[in-house]
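The values are calculated or read from the model by the stated rules, or taken from the named source; none is laboratory data. Everything numeric in this text was worked out from a predicted model, so none of it was measured. Positions of Cβ are backbone-derived with ideal geometry, glycine not excepted, and every protein chain shown enters the neighbour counts. For accessibility, only protein heavy atoms count, side chains too; no ligands or nucleic acids. Shrake-Rupley method; radii C 1.70, N 1.55, O 1.52, S 1.80 Å.
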Amino acid sequence: MLRTFAVIGDPIDHSLSPTIHNAAYRHLDLECTYIGYKINKNELESGIQSLKSIKISGFNVTIPHKIEIMKLLDDVDENCKLIGAANTIVNDNGSLKGYNTDMDGFLEPIKNREIPIRNSNVLLLGAGGASRAIIAGFAKEHVKKITVVNRTIEKANNLSKFGKNLEIKSDVIPIDDIETLNENYDFIVNASSLGLNNESNIIPTKLIDSNTTVYDIVYKPVNTALIKDSKKKNAEIIYGYEMLLSQAVRSFEIWLGQKAPYEAMKKAILGGF
Ligand code: ATR
């Protein structure tokens with residue numbers, strides 16, 4: 001039976017998800033297709049109706065719908081409840097169940113490198129939807145403290161509060177004061193969209209050395225200015241495409257109930273640049 005999957009969002013034309021998932025289906029000779037479907041911010045409900053009417057088997061959700069989609073779901077998993085957002089949906093005869101693979105997808109590349117997380121000190125740039133899943137992930141692994149830096153201070157405060165509710169220490173620094181940071185950070189994570197348009201790096205390089213893990217979730221370009229600067233300081237680098245791949249693998253396994261072909265999906269991602 002032919003099964004159809006999708007990713008919904010706006011913008012959607014830049015998404016690498018169709019490339020990754022279709023490569024997996026081809027590799028395993030599955031009778032599945034995966035499409036990109038643009039849904040505007042104000043048309044989520046009717047967009048979902050259209051997907052139901054074509055009997056979509058499942059879909060990924062990206063910016064700007066990850067939080068709004070929650071209202072349209074019949075059931076959600078524990079991660080969605082914790083984070084307040086969903087990125088992977090299963091359609092079971094018109095009944096929608098949400099999952100969130102961002103949190104574990106974020107953590108996986110850290111764990112693969114066996115980098116210790118417990119009791120570490122984290123600097124997090126950005127306070128959007130991705131940051132929420134990242135804080136939930138770090139809290140699950142019992143970091144000591146997360147410092148949130150963001151352009152909009154109110155959003156940073158909300159996120160910091162979210163962290164404190166998960167029983168980790170957290171403080172907030174306005175983006176204009178970033179040069180005043182002088183702590184020793186084990187992890188420096190960019191979860192803002194800075195870098196996507198080749199912006200220069202704003203994280204002070206005095207904070208980065210060979211003991212720092214620098215994780216940039218921007219995956220296009222592969223080598224952002226932050227990553228280039230961090231390489232010069234011999235930091236441990238985690239690339240944005242690694243998180244993209246880990247969350248895609250998890251989505252595949254939720255939908256298809258079988259092991260995802262990791263190498264074929266990775267090759268598709270790297271070929272997509
Ligand atoms: P996502 O769901 O991927 O996290 P988002 O919710 O749109 O996307 O969040 C984007 C993040 O990048 C936000 O933290 C945003 O800062 P604001 O909260 O101030 O909007 C940050 N960001 C985007 N463009 C930026 C820029 N030019 N300078 C600094 N931060 C920026």
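Would you say Ile269 is under 18 Å from the mean Cα position of the chain (by Cα), open to solvent by less than 40 Å² (accessible area, probe 1.4 Å) and more than 15 Å from Asp104 (Cβ to Cβ)?
yes
When only residues in region 86-111 that are open to solvent by 30 Å² or more (accessible area, probe 1.4 Å) and assigned to a helix (DSSP H, G or I) count, which is farthest from Asp13 (Cα to Cα)?
Lys111
Among the numbered criteria (1) open to solvent by 70 Å² or more (accessible area, probe 1.4 Å); (2) within 15 Å of the ligand (Cβ to nearest atom); (3) free of Cβ contacts under 8 Å to residues at least 40 places away in the same chain, which one does Ile173 miss?
(1)
Sort out which residues of region 205-220 are open to solvent by 40 Å² or more (accessible area, probe 1.4 Å) and within 18 Å of the chain's Cα centre (by Cα), and write them in order of number.
Tyr219, Lys220
Here are some residues: Leu159, Leu181, Leu125. Which one is surrounded by 16 or more Cβ atoms within 10 Å (Cβ to Cβ) and over 18 Å from the mean Cα position of the chain (by Cα)?
Leu181
Would you mind telling me which numbered condition in (1) farther than 24 Å from Asn182 by Cα; (2) surrounded by 21 or more Cβ atoms within 10 Å (Cβ to Cβ) Val149 fails?
(1)
Collect the residues in region 167-205 that are of a type in the set (A, V, I, L, M) and at pLDDT 95 or above, keeping them in residue-number order.
Passing the criteria: Ile168, Val172, Ile173, Ile175, Ile178, Leu181, Ile188, Val189, Ala191, Ile202, Ile203.
Which condition does Ile67 not pass, out of (1) away from the ligand (no atom under 16 Å from the Cβ); (2) out of contact with any strand residue (DSSP E or B) (no Cβ under 8 Å at 6 or more places or on another chain); (3) among the β-branched types (Val, Ile, Thr), if it passes all the others?
For Ile67, the failing item is (1).
Does Lys220 count as among the basic types (Lys, Arg) and at pLDDT below 95?
yes
From the list Ile54, Ile12, Ile63, Ile83, which residue is open to solvent by 20 Å² or more (accessible area, probe 1.4 Å) and under 15 Å from Ala133 (Cα atoms)?
Result: Ile63 is the single residue among Ile54, Ile12, Ile63, Ile83 that is open to solvent by 20 Å² or more (accessible area, probe 1.4 Å) and under 15 Å from Ala133 (Cα atoms).
Name every residue in region 1-50 that is under 19 Å from the mean Cα position of the chain (by Cα) and in a loop (DSSP other than H, G, I, E, B), in order of residue number.
Asp10, Pro11, Ile12, Asp13, His14, Ser15, Leu16
What number of residues within region 221-232 satisfy the criterion of being polar (S, T, N, Q) and surrounded by fewer than 23 Cβ atoms within 10 Å (Cβ to Cβ)?
1
In region 66-80, which residues are open to solvent by 90 Å² or more (accessible area, probe 1.4 Å) and free of Cβ contacts under 8 Å to residues at least 24 places away in the same chain?
Residues satisfying the conditions are Lys71, Asp74, Glu78.
Could you give every pair whose Cβ atoms fall below 9 Å, whose first residue belongs to region 215-228 and is under 18 Å from Phe138 (Cα atoms), and whose second residue is polar (S, T, N, Q) and open to solvent by less than 10 Å² (accessible area, probe 1.4 Å), counting only separations of at least 6 or pairs across chains?
Once the first residue is under 18 Å from Phe138 (Cα atoms) and sits in region 215-228, its partners that are polar (S, T, N, Q) and open to solvent by less than 10 Å² (accessible area, probe 1.4 Å) give Tyr215/Asn190; Asp216/Asn190; Asp216/Thr224; Asp216/Ser230; Ile217/Asn190.
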